[in-house]
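Colleague: The structure's right below; bear with me while I get my questions together.
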Protein chains: 2
Amino acid sequence: MDKRSIAIIGIGKIARDQHIPVIGKSDRFELAATVSQRGIAEASLPVFRSAAELYREMPEIDIVAICTPPGPRHLLVREALDAGKHVLMEKPPTQTLSEFEDLVRHGEARGLVLFQTWHSQYNDAVERTREILAEEGVRSVRIDWRESVRKWHPGQDWVWAPGGFGVCDPGINALSIFTRIMPMPVFVEHAQMAVPANRQTPVDVEIGFRTADAHGPALSAHFNWLEEDGEVWTIAIETGTGRQLSLERGGTVLKIDGETRVAAPSEEYERIYERFAELLDTGRSDVDGTPLRLLADAFMMAERVEAEPFDW
Amino acid sequence: MDKRSIAIIGIGKIARDQHIPVIGKSDRFELAATVSQRGIAEASLPVFRSAAELYREMPEIDIVAICTPPGPRHLLVREALDAGKHVLMEKPPTQTLSEFEDLVRHGEARGLVLFQTWHSQYNDAVERTREILAEEGVRSVRIDWRESVRKWHPGQDWVWAPGGFGVCDPGINALSIFTRIMPMPVFVEHAQMAVPANRQTPVDVEIGFRTADAHGPALSAHFNWLEEDGEVWTIAIETGTGRQLSLERGGTVLKIDGETRVAAPSEEYERIYERFAELLDTGRSDVDGTPLRLLADAFMMAERVEAEPFDW
């Protein structure tokens, strides 16, 4: 099968760690160019300083993956759609929900494929958990999501600026698993956000959720960004029949009553590009605003407390 | 024409100031009962302590207006829809967007009429402004929304609690006019929220908006809740042809280049109930989440600063 030419816009950590190597070994895509404001070339590929330049110089490329931070994402995706490109968007999709809704409408109006990725959803253990909860129901969910901002966003001050989400940037990965596995809609009931005295976004977040049923399951999440002792990306679940599920390592491992049942190597981005190829083949979009909406709800509902100042 | 029987759930300031008198003189509705936790009767009407009691005792009433604060609104509307009632909801609809989306889906699934009211939209001056901007375009909009929380929410501590919106409770009225009159989608670009040191929601908010066009109009809003010298509910607009529009008194007065062009007495709730009758006649819902979404975006994007403590 002929490979589809794709360009990556925004060459940062996630592009280098995932998109470039995964496209490199894909039999469905071929990396044809990149856009990098700093003009740093990847291998022998053409590199452009702006998307406009890419679209002008290589109009034959009709697919782009947008891997910038969320700040400029809305206008970059609009620009791509206006240029007739199909678009894959990294998470989180945009800084605001109005931007997200606008892109969904804009993509539809132009008949182009828009693919909003939530990489943590692309794991067998997540899918298996979803099936189990659909069958057995759920009594409780406890999300525990702790990592080091210094390790995962070294020196990236945008995560601490208004609109940068803070620890909710990794936390939205947990929410994307949570909304995927739950058999019913969930709502933010209360939230507490601890914000460093010298920053604008939270370093620690506790959220209590509820369902539409007053006697529904107990649901909560804790995100923390100062965990220097490895990553804790765990979701502990009691099913309606009393089985204990533990979804670990960011959704790649599933244990049931202490026994490992799924432990696939993480191939999230391989799956994402397989899915993207499928969407392009069939001309369908895949856009899900649920995790971002839940996050916006947490921001709107949050009690704020002051935390220690944060410095790199 | 026969009048439709309606019950009001939540008897507070807005029910007494608007819903009860407006239904009282309507030729399309007749107030048949109320639900009030405190059990305070209105005139000679039956009063119930809970919606469940109302639905059990007077099953023939199939229309309810929900006028509680937004906190319990989601579950009250769900309960009403589950009981087969058509529902009118006061603004703001819910505390969160996920709750709002859930109600929209739930109403649709049950084939019931759900009417999300934004009372400030129901003015001739707003409609006339919308028409002018659709025709002439817009160069700038400046929203100035100042009132006294002590006058409008006397002693209502829920407005200062997480999820209570603070000055965004009246501010969302301005946003509901703004999203109604603008000929294109708008997005929050930046926001600053000043929160009293002893409270959790903002007393003063400044928001900068943008459109999808990098060279689009200049759009901003200022909300303040400590204005003791009367209300300032004004939107100043320069149209694309340079005309100066001033939408004043909460959207009831329109001046063009200094000359008063529309100055209708406020009949917002009369219009709301006319519109509700029309929706019930035709079986259609009217739900618009745009103002709430824009507000959630402002909360997510906001820089927070500390303001003087607030006490009643």
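The values are calculated or read from the model by the stated rules, or taken from the named source; none is laboratory data. Since this is a predicted model, take the numbers as computed values, not measurements. Cβ: placed from backbone, ideal geometry, glycine included. Neighbour counts: every protein chain shown.
Colleague: Considering the range B:167-213 alone, what residues qualify as being within 19 Å of A:Glu99 (Cα to Cα) and more than 13 Å from chain A (Cβ to nearest Cβ)?
Modeller: Scanning the range B:167-213 gives B:Ser176, B:Arg180, B:Ile181, B:Pro183.
Colleague: Please enumerate the residues belonging to the range B:296-312 that are within 9 Å of another protein chain (Cβ to nearest Cβ) and either more than 20 Å from A:Ile172 (Cα to Cα) or not aliphatic (A, V, I, L, M) (or both).
Modeller: B:Asp297, B:Phe299, B:Glu303, B:Arg304
Colleague: Quick check: is even one residue across the range B:129-141 outside any helix (DSSP H, G or I) and in contact with a helix residue (DSSP H, G or I) (Cβ under 8 Å, 6 or more places away or on another chain)?
Modeller: yes
Colleague: Which residues, counting only those in the range B:269-305, are acidic (Asp, Glu) and either touching an Asp or Glu at 6+ places or on another chain (Cβ under 9 Å) or not assigned by TED's automatic domain parsing to the domain that holds B:Ala125 (or both)?
Modeller: Within the range B:269-305, B:Glu270, B:Glu274, B:Glu278, B:Asp281, B:Asp286, B:Asp288, B:Asp297 qualify.
Colleague: Name, by its number, the condition in (1) surrounded by fewer than 20 Cβ atoms within 10 Å (Cβ to Cβ); (2) within 14 Å of chain B (Cβ to nearest Cβ); (3) within 23 Å of B:Phe299 (Cα to Cα) that does not hold for A:Glu99.
Modeller: Evaluating A:Glu99 over (1) surrounded by fewer than 20 Cβ atoms within 10 Å (Cβ to Cβ); (2) within 14 Å of chain B (Cβ to nearest Cβ); (3) within 23 Å of B:Phe299 (Cα to Cα) leaves (1) as the failure.
Colleague: Sticking with this structure for a sec: Return the only residue of A:Ala125, A:Ala161 being within 14 Å of chain B (Cβ to nearest Cβ) and over 16 Å from A:Pro93 (Cβ atoms). Let's see the steps before the verdict.
Modeller: Working: A:Ala125 fails: within 14 Å of chain B (Cβ to nearest Cβ).
After applying the criteria, what remains is A:Ala161.
Results for (1) in contact (Cβ under 8 Å) with a residue 40 or more places away in the chain; (2) surrounded by fewer than 23 Cβ atoms within 10 Å (Cβ to Cβ); (3) part of a helix (DSSP H, G or I), shown as yes or no for each residue.
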site	(1), (2), (3)
A:Arg261	yes, yes, no
A:Glu270	yes, yes, yes
A:Glu278	no, yes, yes
A:Asp281	no, yes, yes
A:Leu295	yes, no, yes
A:Ala298	yes, no, yes
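Colleague: Do we find a residue being at pLDDT below 95, in contact with a helix residue (DSSP H, G or I) (Cβ under 8 Å, 6 or more places away or on another chain) and not hydroxyl-bearing (Ser, Thr, Tyr) anywhere in the range A:99-111? Outline the logic, then answer.
Modeller: Step one: list which residues in the range A:99-111 are at pLDDT below 95, which gives none.
No: the range A:99-111 contains no residue that is at pLDDT below 95, in contact with a helix residue (DSSP H, G or I) (Cβ under 8 Å, 6 or more places away or on another chain) and not hydroxyl-bearing (Ser, Thr, Tyr).
Colleague: Across the range A:199-209, what is the total count of residues that are more than 19 Å from B:Glu306 (Cα to Cα) and surrounded by fewer than 19 Cβ atoms within 10 Å (Cβ to Cβ)?
Modeller: Counting residues in the range A:199-209 that are more than 19 Å from B:Glu306 (Cα to Cα) and surrounded by fewer than 19 Cβ atoms within 10 Å (Cβ to Cβ) gives 2.
Colleague: Being within 9 Å of another protein chain (Cβ to nearest Cβ) and among the charged types (D, E, K, R) is the filter here, so list the residues in the range B:267-295 that pass it.
Modeller: Selection gives B:Arg293 alone.
Colleague: Another question, then. Applying the selection to the range B:142-190, what residues are among the aliphatic types (A, V, I, L, M) and either in contact with a helix residue (DSSP H, G or I) (Cβ under 9 Å, 6 or more places away or on another chain) or within 16 Å of B:Gly230 (Cβ to Cβ) (or both)? Steps first, please.
Modeller: First pass over the range B:142-190, keeping only residues among the aliphatic types (A, V, I, L, M): B:143, B:149, B:159, B:161, B:167, B:172, B:174-175, B:177, B:181-182, B:184, B:186, B:188.
B:Ile143, B:Val149, B:Val159, B:Val167, B:Ile172, B:Ala174, B:Leu175, B:Ile177, B:Ile181, B:Met182, B:Val186, B:Val188 - these are the residues of the range B:142-190 that are among the aliphatic types (A, V, I, L, M) and either in contact with a helix residue (DSSP H, G or I) (Cβ under 9 Å, 6 or more places away or on another chain) or within 16 Å of B:Gly230 (Cβ to Cβ) (or both).
Colleague: Could I ask something else about it? Are there any strands (runs of 3 or more DSSP E) wholly within the range A:155-227 with 2 or more residues that are without any contact (Cβ under 8 Å) to a residue 40 or more places away in the chain, and if so which?
Modeller: Where strands (runs of 3 or more DSSP E) fall fully within the range A:155-227 and carry at least 2 residues being without any contact (Cβ under 8 Å) to a residue 40 or more places away in the chain, they are A:204-210.
Colleague: Go through the residues of the range A:284-301 one by one and say whether even a single one is over 22 Å from A:Phe187 (Cβ atoms), of a type outside the set (Val, Ile, Thr) and more than 19 Å from the chain's Cα centre (by Cα).
Modeller: yes
Colleague: Now for a separate question. Condition first: hydroxyl-bearing (Ser, Thr, Tyr) and touching a Gly at 6+ places or on another chain (Cβ under 9 Å). Now tell me which residues in the range B:258-296 satisfy that.
Modeller: If the condition is that a residue be hydroxyl-bearing (Ser, Thr, Tyr) and touching a Gly at 6+ places or on another chain (Cβ under 9 Å), then B:Ser266, B:Ser285 are the ones that fit.
Colleague: For the range A:108-125, how many residues are surrounded by fewer than 23 Cβ atoms within 10 Å (Cβ to Cβ) and not in a loop (DSSP other than H, G, I, E, B)?
Modeller: Summing the residues that are surrounded by fewer than 23 Cβ atoms within 10 Å (Cβ to Cβ) and not in a loop (DSSP other than H, G, I, E, B) in the range A:108-125 gives 6.
Colleague: I need the full set of residues from the range B:111-128 which are small (Gly, Ala, Ser) and at negative phi, in order please.
Modeller: Within the range B:111-128, the first condition is being small (Gly, Ala, Ser), and the residues that meet it are B:111, B:120, B:125.
Listed by number, the residues that qualify are B:Ser120, B:Ala125.
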